[in-house]
Amino acid sequence: MTIAELYESRKDDPRWNTSYPLHPKDWAAYRVDGPLPFDKDRCLSFYIHIPFCRQLCSFCEYTRMLCPEEALQETYLRVVANDIERFKTQYQGFTLLGCDIGGGTPTSLTEKNFSLLMEIYGDAIAGLELSDDFEPSVEATFDTLSEMKLTELVETGIKRLSLGVQSSSHSIAASHHRLGGDEKQMAEWLTIARQMGIEKVNLDFMYSLKGQNEASIAQDLALIDRLHPEQVTLYELRTNMLPSRTSFTKEALFAQYSQYFEGLMSMGYKGRFGQNTFSVNAKDQGVSSYLRERMLNGASYKGFGLSAQSMSSVGVSYNLGKLSSGPRQVLNTDGYPEAYTYLLPAKELAAKYMAISAYHGSFFPNKLLEMGIAPASLNDTLDFCYSQGLLVRSDDDRVHVTKEGFKYYGALFSLFF
Ligand SMILES: C[S@@+](CC[C@H](N)C(=O)[O-])C[C@H]1O[C@@H](n2cnc3c(N)ncnc32)[C@H](O)[C@@H]1O
Ligand code: SF4
């Protein structure tokens, strides 16, 4: 198949997006026993997964469960703390680029356990060299915030908070089992968070949700304008791991994204067409340092906790719990070691990098060469994309998706693997 034929054949296939591999069995040949080695990685980030939520939204692809009682939450946190200590004992002398605490909803923990989580975060970064632009972040929902949790965050040194809104429409939220956000409550929490010293608030919105249309997106944009967060992230609904598929065509998704993009630009947010993060500050990429290093630079990350993903310079792994069914079974354990470890050849590592880069709509061809991709094949694909106006190269050697290329970005980025 030529590159042009491959592109055509994948354009309308919803599986090509920021997920990779398309199915776990695609990597069966690379599976090995034991942990993922990090001995060649001198710089990496940490990710701590808290899989608990107050409600389970039906669109959510992440490993999450209803928040268990306080004692079980604490058990989980102590097990994760041990895993972090074990990793730090094994690997020393690396620089920590970022540390995100995500989920699930970390703020769904009780105040006592949230305090313990902050202690665990403090111990996790203690004694490590932090990169100059180290910027940790925590995911949250408005309904799980408390003044005490915000105080703890700031006192621990975490000043970026990422809150999910998804859609301002109560009926869209309700049809996805999502607790609908109340604008007054959101505005009050943003004021309190800023007064307490949170420096950056990111709000997550999703598009391609059932029921979303021009009017509901206009309402989302009006809400963003009134709340004026420092950062906004747009997520296209991914359904690779869900039983249902999106009913929107690629053209409809493009139109929804474009409406958000134009609206954000008119409010003064900075960002390039095709990327999913926007910021009021042109120098700020709109993400934590963990996400920035992961998306833009293909940097390594070590995930702790239930089902967390890790990537090193030699492969990818998923912790215990990735495909398990019930919370009780997976919470009664003395560790969350890698259950699936894959030592990957260059083309698969490059594929993972490209899929993650698609969030930002840009990548570094040099990174693909470093990973071992053959220059001739890389150049053929780049030439095709430049000639069709799908990609452009910028001065810093980064290659960006164009408006034309973004319409079928999944198919486009997949041409590189
Ligand atoms: C891990 S979730 C945690 C955030 C927090 N629990 C919340 O609900 O606001 C991070 C973000 O992923 C996005 N997300 C969730 N499910 C998704 C899916 N199936 N496809 C794309 N994005 C998704 C949502 O925008 C969500 O805010
Ligand atoms: S979107 Fe957030 S609150 Fe909803 S189930 Fe997923 S992690 Fe939990």
Computed about the Cα centre, the charge dipole of the chain from +1 Lys/Arg and -1 Asp/Glu charges at the Cβ has a magnitude in debye, to the nearest 20, of 700
Express in nm, to one decimal, how much length is gained between LYS347 and LEU242 on full extension, taking 0.36 nm for each residue of separation and deducting their alpha carbon distance.
35.1 nm
Ranking of VAL165, VAL79 by count of other Cβ atoms within 10 Å, fewest first
VAL79, VAL165
Restricting the count to DSSP beta bridges whose residues both fall in the chain, what percent are antiparallel, rounded to a multiple of 5?
40
Pick out, from VAL280, PHE205, ALA124, the residue whose Cα sits farthest towards the positive end of the charge dipole of the range 30-294, with +1 on the Cβ of Lys and Arg and -1 on the Cβ of Asp and Glu.
PHE205
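What net charge do the residues around SER313 carry, taking every other residue with its C-beta under 15 Å from that of SER313, with Lys and Arg at +1 and Asp and Glu at -1?
Details: positive: LYS40, ARG42, ARG294, LYS302, LYS347, LYS352, LYS367; negative: ASP39, ASP41, GLU293, GLU348, GLU370.
Summing Lys and Arg as +1 and Asp and Glu as -1 gives +2.
Give the order of TYR353, TYR336 when sorted by the count of other beta carbons within 10 angstrom, beginning with the fewest.
Numbers: TYR353 26, TYR336 22.
Least crowded to most crowded, the residues run TYR336, TYR353.
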For the chain, calculate the relative contact order in percent as a whole number, restricting contacts to Cα pairs under 8 Å that are 6 or more residues apart.
21
Most to least packed among 100-106, 378-384 [average Cβ atoms within 10 Å]
100-106, 378-384
Placed amide H near THR95: partners under 5 Å, 5+ positions off or other chain
CYS43, LEU44
A chain fully extended from ASN332 to ASP33 at 0.36 nm per residue, minus the present Cα-Cα distance, gains in nm 105.4 nm
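How big is D for the range 33-91, in µm² s⁻¹ as a whole number, if Stokes-Einstein is applied with the Kirkwood radius of its Cα pairs at 4 °C and 1.567 mPa s?
Working: Rh = 14.0 Å.
My calculation gives 92 µm²/s for D.
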Between beta-carbons, use under 15 Å as the cut-off and find the net charge around GLU251, counting Lys and Arg +1, Asp and Glu -1.
-1
When we measure straight from the Cα of LYS11, which lysines land under 17 angstrom away, once same-chain ones fewer than 8 places off are left out?
LYS250, LYS403, LYS407
Hull surface over four for the Cα convex hull of the range 30-294, reported in nm², is 15.1
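Given LYS88/LYS159; LYS302/LYS367; LYS210/LYS347, which pairs have Cα atoms separated by over 28 Å? Before the final figure, lay out the partial values.
Numbers: LYS88/LYS159 24 Å; LYS302/LYS367 20 Å; LYS210/LYS347 35 Å.
Pairs exceeding 28 Å: LYS210/LYS347.
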Just tell me the longest site-free run in the chain, where the sites are GluC sites (Glu not before Pro) in a DSSP loop having at most 16 other beta-carbon atoms within 10 Å.
200-417
Mind giving me the nanometre distance, one decimal, between the label points for ALA339 and LYS184, set 7 Å out from Cα along Cα→Cβ?
4.4
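Quick check on the exposure proxy: order CYS53, CYS99 from fewest to most C-beta atoms within 10 angstrom. Write down the numbers at each step before the final one.
Numbers: CYS53 20, CYS99 26.
Ranking CYS53, CYS99 by Cβ neighbours within 10 Å, fewest first, gives CYS53, CYS99.
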Starting from the 7 Å offset along Cα-to-Cβ, what nm value, one decimal, do you get for the label separation of ILE3 and ASP380?
0.9
So GLU61 and ASP284, fully extended at 0.36 nm per residue minus their Cα-Cα distance, gain in nm 77.5 nm
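Bear in mind these aren't lab numbers, they're just calculated from the coordinates by the rules spelled out. Remember, it's a predicted structure, so these values are computed and weren't measured experimentally. Glycine gets a Cβ as well: all are built from the backbone with ideal geometry, and neighbour counts include every protein chain shown.
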